[in-house]
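Written out below as structure tokens is the structure these notes cover.
The values are calculated or read from the model by the stated rules, or taken from the named source; none is laboratory data. Only a predicted model underlies this, so the values are computations on that prediction, with no experimental measurement involved. Ideal geometry is used to build each Cβ from the backbone, glycine not excepted, and the neighbour counts take in all protein chains shown. We work out accessible area using only protein heavy atoms, side chains counted, and drop any ligands, DNA or RNA first. Shrake-Rupley method; radii C 1.70, N 1.55, O 1.52, S 1.80 Å.
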Amino acid sequence: EVKENGYLKDGKIIDLLMSQLTDEDRVRLNRYTDKDMQFKIFLDGHKDITDKDRKQLLTEMQKITNYILEEKKTCKDGNCKYEIIRKKDEKGNFIKKGEKEYPTGNKLIGDLLEAKEEVSVTNHKDPNKWVVGSETSGAKGTKAKIDMTDIAVLLVWDSVNKRSVPEEEEKFIEYAHELIHIHRFIFGRFAWNNKTGEMDLGTHWAIDKNGIVREDIWIDDKGNKNIGKPTYGLIEEYGTIGIGNKSEKSAGTIGVTGEYNIKGDITENMIRKEHGIRYRAFYRTNEPKVKEKKKQDEIYNNFLKKMERK
């Protein structure tokens, strides 16, 4: 029996994550081998995306990984592409920086760079309309939109008091979240029916900031977003974060993976752990995002000023 996350070989399930496959496995999956791996992350080259925009996107991506990332610009017939590559030393080895190792972040960025599919990243302007329907950051297929004008306030896990507390989200964590969606899409872990396009539905129980055990749900019986009468949540979001307590009894258990995750998954909470940031406990939160126009401009300009000083 072939499962969604792999295929059978000599009676064993072979994982679809590229970094865990042999050359033989990659050939069987019609993937690149180590000899012909290509770098495949591109920053939006649309004329409305400025060099400062791309620098900001690269700066935040760099925080996810130890690999030193660089932008490689190539132009042909007036059209330019901005490729993200890992810097190499004289011997051709990838150069890393920082005393602390980020193995999960390195794997996330490394896998996406080595994937057959091209990954494209834009910011809140999204001039090509890659991620339609998302007011803030989002991902669709192999394309991600990172909104640099908002600050998300999420419910994270207070392990001492055993409840969730509001906390502003680091932008690079939000960035990693969207890249994880793409990673799951590319490597066969996306929680959906790829024939019908219907998303897999489930539930997640956790303890909110008032100490109340409740479900983290926002989808109704018909599969539509319905905050008023929800029944389910998206397993894809639970799996991406690393949450997914299927019953009230496990509501006080928040870690790097949930009950919907499978071996080899990369999760937002794994990235959080590597950086000493508290685990995210809920997908949805009643805490507002900062989206006022004046505040948007202030946040974005502050980001640009910080980069100019570096």
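Amide H to amide H, with H built 1.01 Å from N, I151 comes under 5 Å of V290, counting only residues 5 or more places away or on other chains. For the stretch 216-276, the per residue solvent-accessible surface stands at 47 Å², with DNA, RNA and ligands left out and a 1.4 Å probe. Between K140 and K116, the C-beta separation translates, for a Förster distance of 25 Å, into a calculated FRET efficiency of about 0.85.
Once the 1.4 Å probe is applied to the protein heavy atoms, the stretch 45-159 comes out at 49 Å² accessible per residue. Split the accessible area of the stretch 134-201 by element, probe 1.4 Å, and carbon with sulfur accounts for 45%. Summarised as an ellipsoid, the stretch 126-219 has semi-axes of 27, 19, 12 Å, derived from the eigenvalues of the Cα gyration tensor scaled by 5 and square-rooted, with the largest first. Taking every DSSP beta bridge that has both ends in the stretch 76-163, the antiparallel portion is near 60%. Classify the stretch 86-147 as rounded, prolate or oblate from the Cα gyration tensor: take a ≥ b ≥ c as the square roots of its eigenvalues, call it rounded if a/c is under 1.5, otherwise prolate when a/b beats b/c and oblate if not. The shape class here is prolate. Across the stretch 154-168, computed HN-Hα scalar couplings (Karplus, 6.51 cos²θ - 1.76 cosθ + 1.60, θ = phi - 60°) run 10, 9, 10, 8, 8, 5, 6, 8, 6, 7, 8, 9, x, 7, 5 Hz from first to last residue, x flagging Gly and Pro. Each residue, V213 and T74, gets one label point 7 Å from its Cα in the Cβ direction; the gap between the two is 5.6 nm. How far is the Cα center of the stretch 50-111 from the Cα center of the stretch 182-246, in Å? Each part's Cα centre sits 31 Å from the other's.
What does the C-alpha gyration tensor say about the overall shape of the stretch 187-253? Classify as rounded when a/c is under 1.5, otherwise prolate if a/b is larger than b/c, or oblate.
Numbers: a/c = 2.85, a/b = 1.48, b/c = 1.93.
Cα axes put the stretch 187-253 in the oblate bin.
Couplings 3J(HN,Hα) of the stretch 67-83, computed from phi: 4, 7, 9, 9, 9, 10, 9, 10, 10, 8, 6, x, 9, 10, 10, 10, 8 Hz, in residue order, whole Hz [Karplus 6.51 cos²θ - 1.76 cosθ + 1.60, θ = phi - 60°; x for Gly and Pro]. State which entries of K81/K125; K96/K143; K140/K225; K81/K129; K40/K140; K40/K143 exceed 20 angstrom in Cα-Cα distance in the structure shown. In this structure, K96/K143 lie more than 20 Å apart at Cα.
Between N93 and N161, the contour length at 0.36 nm per residue exceeds the Cα-Cα span by 20.0 nm.
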